[in-house]
1. Can you give the extra length, in nm with one decimal, that the chain gains between ALA72 and ASP136 once fully stretched, where that is 0.36 nm per residue apart less the Cα-Cα distance?
2. From a point 7 Å beyond the Cα of GLN99 in the direction of its Cβ, which residues of region 58-73 have a backbone N at a distance under 16 Å?
3. At ILE160 and SER41, where each label point lies 7 Å from the Cα along Cα→Cβ, what is the point-to-point distance in nanometres?
4. I need the peptides 4-13, 52-61, 154-163 ranked by packing, meaning the mean over residues of other C-beta atoms within 10 angstrom, with the highest value on top.
5. Of all DSSP beta bridges located in the chain, what percent are antiparallel, nearest 5?
6. For LYS2, list the aspartates and glutamates whose Cα falls under 18 Å from its own Cα; do not include residues on the same chain fewer than 8 positions away.
7. Cut-off is 10 Å between beta-carbons; in what order do THR22, THR141, THR152 appear when sorted fewest neighbours first?
8. Hey, rough spin-label estimate for THR90 and ASP188, points 7 angstrom out along Cα→Cβ, what's it come to in nanometres?
Amino acid sequence: MKIVVISDIHGNFDALSALHETWDELWVLGDLVNYGPEPGSVVDYVREKADIVVRGNHDHSIGFNEDPRCSAPFKDMAEATRRYTDSVLTFGQKHFLRQLPLHLETERAGARFYLCHAIPSDPLFGYCEAVSAQWDAEVVTIGTDFVFVGHTHVPAIRTIGSCVVLNPGSLGQPKGGGPEARYAVWRDGAIELKSLAYPVESVVATVAELPIAGSLRHELSEILRTGSIPRAKEACNRHAEN
């Protein structure tokens with residue numbers, strides 16, 4: 001069985017539509033919206049094609065009109081794009097985001113999975129890098145073979161005891177040091193981290209038309225082009241969770 005796992009699309013339909021993998025199932029680990037310019041197209045694609053979707057903090061912010069609780073360096077960007085996203089999504093699209101589960105447990109091919117956006121103890125907002133010792137405590141209470149999460153935008157695979165923790169990285173706003181969209185494939189118990197090139201300048205051109213401050217459009221474009229946090233924000237982010 002082949003499962004394609006994606007996360008953190010963030011309104012980047014150019015990246016999503018470039019995903020040409022075949023799959024038996026498509027699993028989405030949240031954050032369909034905000035930051036990117038085409039949230040409606042992303043929501044419609046996921047509604048049609050995904051077999052499993054869990055709610056991310058940005059999905060929650062749109063579904064319930066709440067603060068996504070981003071760190072200080074990204075607060076202005078998140079709020080500006082949240083207002084834009086809220087203005088362009090339909091009632092039905094917002095309802096879809098609102099009813100997404102915070103976490104989900106399931107079984108495929110004899111393997112047990114736990115899925116959430118952030119971490120099991122705080123599935124919307126908890127920020128935990130892959131190398132953190134906190135993961136020991138997170139997985140011990142779950143008791144599954146695999147834990148799939150997103151939120152950090154950085155791809156990683158880590159084995160803790162008998163549990164494998166996977167973060168596929170971000171499909172729509174990668175922050176692993178390159179512009180390529182990131183995702184993962186689970187096939188019969190084996191996991192492969194993958195990337196794909198997509199027309200970044202196409203989405204940058206659409207970002208340039210967003211009704212937000214020019215400085216924020218520039219920062220969003222820099223992240224898309226480089227797959228890295230802008231230097232000024234990176235310095236700020238050393239002292240805050242993203």
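1. Details: separation 64, 0.36 × 64 = 23.04 nm, distance 2.78 nm.
Full-extension gain reported as 20.3 nm.
2. 60, 63-64
3. Going from the ILE160 label point to the SER41 one covers 3.8 nm.
4. Values: 4-13: 28.3, 52-61: 25.4, 154-163: 14.8.
Ranked by mean Cβ neighbours within 10 Å, highest first: 4-13, 52-61, 154-163.
5. Antiparallel bridges: around 65 percent, rounded to the nearest 5.
6. GLU21, ASP24, GLU25, ASP51, GLU105, GLU107, ASP145, ASP188, GLU192
7. Details: THR22 6, THR141 9, THR152 22.
Lowest count first: THR22, THR141, THR152.
8. A separation of 4.2 nm, rounded to one decimal place.
No lab work stands behind these numbers, since they all come straight from the coordinates. These numbers come from a predicted model, not from an experiment. So basically every Cβ, Gly included, is an ideal-geometry build from the backbone, and we count neighbours across all protein chains shown.
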